[in-house]
Amino acid sequence: MSEELVVLLDEAGTRIGTEPKAHVHTAETPLHLAFSCYLFNEAGQLLMTRRALSKKTWAGVWTNSFCGHPGPEESFEAAIARRAGQELGTSVTAIRSLLPDFRYRAVDASGIVENEICPVFAAVIGADLDPNPDEVSEYAWVDPSALRLAAEATPFAFSPWLLEQIAQGSLDAG
């Protein structure tokens, strides 16, 4: 398997190069391209995942269904399909854009920075889940309105990007 590359961006969002993923996330993380995806089932419930305790950043916090970085020549749709398989052991259908211009910067307690232009998508689950334990420690299917209430009541339990996405209306469009 080849080394995963992350697409680096300038402040205007223009691609300016690549860097191995293993070297990007530091205390001085450069702006780079990513995505977040909310996965729904046929009942309209949203898949929430709890990040594995072994994750380098935001270990053990609850977040959206899955995230990732598109490769240099990879479409968002292809990257979403790839990461759904890698992270959740599933497939996806009906991918659609929710927040195409989402951007955030957050600093983990360890000092590691996330600095991403990170469009947000929704998709429908296409197969049973088989989460990768290196990525996901727990998961739950929830009603989006219940998630909104939980995020307001206990924001410390959730990833900073999820809280910002909720504030920008990602669940309203889901």
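The values are calculated or read from the model by the stated rules, or taken from the named source; none is laboratory data. Note that the structure is predicted; figures quoted are calculated from it, not measured. Note that each Cβ is placed from the backbone with ideal geometry, even for glycine, and that neighbours are counted across all protein chains shown. Heavy atoms of the whole protein, side chains included, go into the accessibility calculation; ligands, DNA and RNA do not. Shrake-Rupley method; radii C 1.70, N 1.55, O 1.52, S 1.80 Å.
Across the chain, how large is the tail of the calculated P(r) beyond 23 Å, expressed as a percent of all Cα pairs? List each step's numbers first, then the result.
Values: 5375 of 15051 pairs.
Summing the P(r) of the chain above 23 Å gives 36 percent of all pairs.
Amide H to amide H under 5 Å from V6: which residues, 5+ apart in sequence or cross-chain, H placed 1.01 Å off N in plane?
Close amide H contacts, sequence-distant or interchain: E19, K21.
Given segment 45-104, what whole percent of its Cα pairs are spread farther than 20 Å? Each step should come with its number before you reach the end.
Details: 547 of 1770 pairs.
Result for the distance tail: 31 percent.
How large is ³J(HN,Hα) for each residue in segment 20-27, as worked out from phi by the Karplus curve 6.51 cos²θ - 1.76 cosθ + 1.60 (θ = phi - 60°), to whole Hz, x for Gly and Pro?
These are the phi-based 3J(HN,Hα) values: x, 3, 4, 9, 7, 7, 9, 6 Hz.
Given +1 on the Cβ of Lys and Arg, -1 on the Cβ of Asp and Glu, and no further charges, what dipole in debye does segment 15-112 carry about its Cα centre, rounded to the nearest 20? The partial results should precede the final answer.
Working: 11 positive and 9 negative charges, 47 e Å.
Here the size comes out at about 220 debye.
What number, in nm² with one decimal, is the all-direction average of the projected area of the convex hull of the alpha-carbon atoms of segment 1-75?
Working: hull surface 27.4 nm².
With the hull built on Cα positions only, its mean projection is 6.9 nm².
Less than 15 Å Cβ to Cβ from L147, Lys/Arg counted +1 and Asp/Glu -1: what total charge do the surrounding residues give?
-3
If the elastic network links every pair of Cα atoms under 10 Å, which of N115, N132, N64 fluctuates the most in the Gaussian network model of the chain?
Per the Cα network of the chain with a 10 Å cutoff, N132 tops the list.
Suppose R0 equals 30 Å. What FRET efficiency, 1/(1 + (r/R0)^6) with r the Cβ-Cβ distance, do A146 and S91 give to the nearest 0.05?
Numbers: r = 26 Å, r/R0 = 0.86.
It comes to 0.70.
In sequence order, what are the phi-derived ³J(HN,Hα) couplings for segment 136-141 according to the Karplus relation 6.51 cos²θ - 1.76 cosθ + 1.60 with θ = phi - 60°, rounded to whole Hz, with x for glycine and proline?
10, 8, 8, 8, 8, 8
Using θ = phi - 60° and the Karplus curve 6.51 cos²θ - 1.76 cosθ + 1.60, what whole-Hz ³J(HN,Hα) does each residue of segment 55-67 get, with Gly and Pro shown as x?
So the J values, rounded to whole Hz, are 5, 5, 10, 6, 4, x, 8, 7, 8, 4, 4, 6, 9.
Can you give the angle from 0 to 90° between the axis of helix 144-153 and the longest principal axis of the chain, with both taken from C-alpha atoms, to the nearest 10?
The helix 144-153 is inclined about 70 degrees to the chain.
If I stretch the segment between R103 and E11 completely, what's the gain in nm (0.36 nm per residue apart, minus their alpha carbon distance), one decimal? Could the numbers behind the result be given before it?
Numbers: separation 92, 0.36 × 92 = 33.12 nm, distance 1.08 nm.
Stretched out fully, the R103 to E11 stretch lengthens by 32.0 nm.
Ignoring ligands, DNA and RNA, what accessible area per residue does the chain give at 1.4 Å, in Å²?
Values: 8220 Å² over 174 residues.
For the chain, the solvent-accessible area averages 47 Å² per residue.
Compare the peptides 95-104, 76-85 by average per-residue count of other Cβ atoms within 10 angstrom and give them in order, highest first.
With the highest mean Cβ count within 10 Å placed first, the list reads 76-85, 95-104.
Might you report the magnitude of the Cβ-based charge dipole of the chain about its Cα centre, with Lys and Arg at +1 and Asp and Glu at -1, to the nearest 20 debye?
Values: 12 positive and 24 negative charges, 40 e Å.
With only Lys, Arg, Asp and Glu charged at Cβ, the dipole is about 200 debye.
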